[in-house]
1. Just tell me which aspartates and glutamates come within less than 14 Å, Cα to Cα, of B:K150; anything on the same chain fewer than 8 places away is out.
2. With a cut-off of 8 Å between alpha carbons and a minimum separation of six or more residues, what is the relative contact order of chain B in percent?
3. Could you list A:K232, A:K188 so that the one with the fewest beta carbons within 10 Å of its beta carbon is first and the one with the most is last?
4. Does the stretch A:2-224 classify as rounded, prolate or oblate by the C-alpha gyration tensor (a ≥ b ≥ c root eigenvalues; a/c under 1.5 gives rounded; else a/b over b/c gives prolate, otherwise oblate)?
5. Using a 10 Å cut-off around each Cβ of peptide A:234-241, what is the average number of partner chain Cβ atoms that fall inside?
6. Pairs A:K76/A:K188; B:K15/B:K62; A:K32/A:K83: which exceed 21 Å Cα-Cα?
7. Measure off 7 Å from each Cα along the Cα-to-Cβ vector at B:R21 and A:N20, then give the distance between these two points in nanometres to one decimal.
8. How much net charge surrounds A:I213 when only other residues with a Cβ under 11 Å from its Cβ are counted (Lys, Arg +1; Asp, Glu -1)?
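Any read-out appearing in this document is the output of simple, stated calculations on the displayed coordinates, not a laboratory observation. The structure displayed is predicted, hence computed values, not measured ones. Using ideal geometry, Cβ is built from the backbone for each residue, glycine included, and neighbour counts are taken over all protein chains shown.
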Amino acid sequence: MIELRNVSFSAYDEETSQNNYILKEINLNIYKREFVVILGKNGSGKSTLVKHFNGVLIPTSGDVVADGINTKDEDKFCEIRQKIGMVFQNPDNQIVSSVVEEDVAFGLENLGIPRREMVSLVDNALKCVGMYDFKKSSPNMLSGGQKQRIAIAGVLAMNPECIVFDEPTSMLDPEGRKEVVDTIQNLKKGNGTTIVLITHNIEEIFCADRVIIMDSGRIVSEVTPYEILLDKNYMRMLGLKATQSIDLFYKLAGRGINLPFLTADEDKCADMIVEFLEEKKCR
Amino acid sequence: MSVIRAENLFYCYNKGTSFERCGVKDINLSIEKGQIIGVIGHTGSGKSTLAQLFNGLIKPDKGKVLLNDKNIWEDFADIRQVHFKVGLTFQYPEHQMFGETVYKDIAFGPINQGLSGQEVDIRVLEAMMFAKLGPELLNRSPFDLSGGEKRRVAIAGIIAMKPEVLILDEPTAGLDPVSKEGILNSICEYHRQTGNVIIFISHVMEDIARISDKVMVMDKGNLIMYDAPENIFSRREELNKMGLEVPQVTKIINKVHNKLDIKHKCVITVDGAVEDIIENMC
């Protein structure tokens with residue numbers, strides 16, 4: 001779906017008068033229908049990397065080929081951005097219109113889609129994110145989670161093959177976060193959309209097929225979500241905050257109680273403790 | 001002795017229009033010296049309105065706010081002093097920075113308090129120490145700093161006024177986990193050293209459970225609960241109805257207790273959970 005070959009990206013720094021490399025020789029393939037999570041500290045190059053996927057940024061050297069189109073091909077800019085959509089951190093920065101349905105239709109209008117078709121595309125996109133009832137509302141009356149779902153609908157209406165989410169939940173409250181995470185998971189299941197997700201939130205990595213870890217502009221490893229939990233060094237390096245279930249696992253181990261496996265899921269964690277206590281049978 | 005007390009406090013927005021909505025309704029409470037108070041509530045529940053009433057930024061429609069047993073609105077000329085005594089940081093305080101240098105930004109409050117140049121310097125350095133900002137940042141522009149550092153500069157600007165009551169409105173929102181932890185530790189350290197009242201508004205129940213002596217639960221402008229965190233988080237169903245959660249370890253231990261038919265005890269921290277499990281071993 002997206003192929004990066006030897007991609008480097010540099011920016012000129014006026015203070016030091018030299019080129020700073022933000023991305024260094026990145027090779028990466030993202031496959032169709034895959035769910036990829038990108039992790040890394042602030043400033044590790046995650047956002048810069050994903051902005052290369054649909055030609056928002058063009059590599060200083062190397063090539064990015066998305067669905068057969070090289071992002072350097074200026075004639076195909078529109079096509080590539082229709083295929084790969086993006087959702088960003090701050091919901092307020094992504095809303096352009098004063099009516100929800102008009103906001104969702106913005107991209108389609110620019111593509112010159114006939115009105116009748118547009119109405120059904122917008123309705124479907126809004127249904128998909130569970131915001132159909134709000135189609136005549138004004139976005140400023142919506143919560144952060146709702147606004148973020150409108151932003152997703154706007155991308156979805158373009159019928160993209162891949163959606164890139166750049167920390168879509170970091171500015172939301174817990175409820176908004178859950179709404180958005182559920183929406184992303186449904187996209188993967190229902191529409192088979194390829195998904196790339198940048199996040200700092202450990203609970204959001206578990207639906208991923210593959211986790212890519214970045215540090216100082218390079219991809220330093222590719223792991224499964226579970227491997228991240230197992231290695232405390234990963235958590236520290238990535239600045240991830242352990243869930244309480246993970247802290248509990250390690251603290252119990254420190255007291256000589258070894259639970260069978262690590263999990264961020266509270267139900268699984270509770271089941272393990274129940275099993276452990278039942279084995280002890282001494283209540 | 002109560003430091004801050006609210007009596008029959010009311011505040012409504014858009015008064016006299018069809019959009020009238022009360023942000024705070026008939027609130028009565030008292031905050032004792034030396035406490036850390038956690039405030040939780042769904043978006044729009046009135047948490048921030050209450051914070052602004054305590055700080056004297058808005059005037060109650062009815063009722064009183066008493067600071068050290070004195071009504072803060074008794075004499076309008078004194079309200080400026082209230083702003084200094086009750087320090088308030090808003091959400092995303094780094095959006096409100098304006099100083100050319102970190103020093104100027106932090107010094108703004110103390111200078112307006114009328115302190116001498118030397119005193120201001122001391123206050124700035126002290127505040128930076130609490131906020132874990134190195135002195136090498138003094139002459140940097142705050143706008144060149146990372147998100148976490150900016151937030152700490154903004155909080156240091158309030159700490160520098162040495163407020164008797166420090167109100168922090170979601171001080172960790174939108175930061176990465178390492179910066180969040182740093183800010184929480186700074187808050188605890190400040191409290192340990194000064195013993196001043198801290199009011200801490202947050203959506204993160206794990207943090208609330210960890211640092212609060214007492215927790216306020218707000219819903220639709222009403223103060224629904226005001227109690228020790230163990231008692232608050234044992235009322236999970238009521239909280240869920242208000243769109244609020246309990247800490248993850250509380251859920252885990254609740255489930256364990258239910259399955260094994262152990263008498264309920266509310267656990268709110270990871271350390272508490274470890275002890276509870278060991279206790280139930282035999």
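1. B:K150 reaches B:E94, B:E100, B:D105, B:D176.
2. On the way: 516 pairs, mean separation 61.2, N = 282.
Relative contact order comes out at 22 percent.
3. Least crowded to most crowded, the residues run A:K232, A:K188.
4. Values: a/c = 1.75, a/b = 1.47, b/c = 1.19.
It is prolate, given that a/c is not under 1.5 and a/b is the larger ratio.
5. 3
6. Those over the limit are A:K76/A:K188.
7. The two pseudo-label positions are separated by 4.2 nm.
8. Details: positive: A:K41, A:K46, A:R210, A:R218; negative: A:D215, A:E222, A:E227, A:D231.
Surrounding charge for A:I213 is 0.
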